[in-house]
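A short write-up of the structure that comes next.
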Amino acid sequence: MRTLVTGVLAAAAFAVPLVAAADSKTFTAPSGWVHQPSATSSPGAVARSLDTWKKGNQSLTVLFDAGLAYADELALVRKNISENGLHPTTDRDFTCAGRPAHEVLMSLNGSMFRQVLIDDGAGQGSTRITYSHPDSVPAAPDVDSAITAYCGP
C-alpha cells in the first residue's frame, strides 16, 4: 500500500487537467534548478497550472488549482495519511502569505516528501508545493528559502 501512496503523492500534481492560472502570486524556484515545460489547461476549463523544476534527483512542483478548495485538499491529505497508517515527521498548520496553509513531511520508500498546501482564498482554490528528494540526500536549503520567500513574513 505504501508503494501506491508514494506513487499517488509523486504523481498527484500531474493527475489533473491544466489551464492558465489566475494565481496572483508567482513562485520563484531556487537558482540552478532546471525548469521543465509548464502545463496549463484549455480555455473555458477550471484554472489550473503546473510548474516543475529538477535538480539532479530532486524535484520541485507547484500546482495551482482554482477548482480544488483548500479545505477539501487538506481533508484528502489527512484521509490518505490516516487510511494508510502513515506517520509524518511534520504535520502542521501555519500561515503562508497571510493565508491558511498546511505542511506535511514524510519519508516513503526511500524518498522524502515535503508538501505545502496553501489556501488561495474563498473561491480561488489552492496551491500545492511538493518537494521530493532521496532520503540519502539532505534537503536543499535553497528550497526552504524559496518556500519561505513565497510565503513571506
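Which ones in region 14-53 are crowded, with 17+ Cβ neighbours inside 10 Å, in a loop (DSSP other than H, G, I, E, B), of a type in the set (Ser, Thr, Tyr) and modelled with pLDDT of 90 or more? Result: no residue meets the conditions.
Residues of region 108-120 that are among the small types (Gly, Ala, Ser) and not in a loop (DSSP other than H, G, I, E, B): SER111 alone.
Is region 121-129 home to any residue that is under 15 Å from GLN58 (Cα atoms) and in contact with a helix residue (DSSP H, G or I) (Cβ under 9 Å, 6 or more places away or on another chain)? The answer is yes; a qualifying residue exists. Within region 129-146, the residues that satisfy the criterion of being surrounded by fewer than 21 Cβ atoms within 10 Å (Cβ to Cβ) and of a type outside the set (D, E, K, R) are THR130, SER132, HIS133, PRO134, SER136, VAL137, PRO138, ALA139, ALA140, PRO141, VAL143, SER145.
The residues on offer are ASN80, ASN57, ASN84, and the sole one that is in contact with a Pro (Cβ under 6 Å, 6 or more places away or on another chain) and farther than 19 Å from TYR150 by Cα is ASN57. Being exposed (fewer than 15 other Cβ atoms within 10 Å of the Cβ) and more than 20 Å from THR52 (Cα to Cα) is a property that ALA97 lacks.
Which ones in region 121-153 are outside any helix (DSSP H, G or I), within 13 Å of the chain's Cα centre (by Cα) and not small (Gly, Ala, Ser)? Scanning region 121-153 gives THR127, ARG128, ILE129, THR130, TYR131. Any residue at all in region 54-75 that is surrounded by fewer than 19 Cβ atoms within 10 Å (Cβ to Cβ), under 12 Å from the mean Cα position of the chain (by Cα), in contact (Cβ under 8 Å) with a residue 12 or more places away in the chain and outside any strand (DSSP E or B)? Yes, that holds for at least one residue. Does ALA101 count as in a loop (DSSP other than H, G, I, E, B) and among the aliphatic types (A, V, I, L, M)? Taking the combined requirement at face value, the residue does not satisfy it. Scanning region 101-128 for residues that are polar (S, T, N, Q), surrounded by 18 or more Cβ atoms within 10 Å (Cβ to Cβ) and without any contact (Cβ under 8 Å) to a residue 60 or more places away in the chain gives no hits.
For ILE118, the requirement of being in contact with a Cys (Cβ under 7 Å, 6 or more places away or on another chain) and under 21 Å from THR40 (Cα atoms) is met. Taken over region 80-89, the criterion of being under 28 Å from GLY152 (Cβ atoms) and surrounded by 11 or more Cβ atoms within 10 Å (Cβ to Cβ) is satisfied by ILE81, PRO88.
The values are calculated or read from the model by the stated rules, or taken from the named source; none is laboratory data. Please read these numbers as outputs of a predicted model, since none were measured by experiment. Methodologically, a virtual Cβ is constructed for each residue, glycine included, from the backbone with ideal geometry; neighbour enumeration extends over all protein chains shown.
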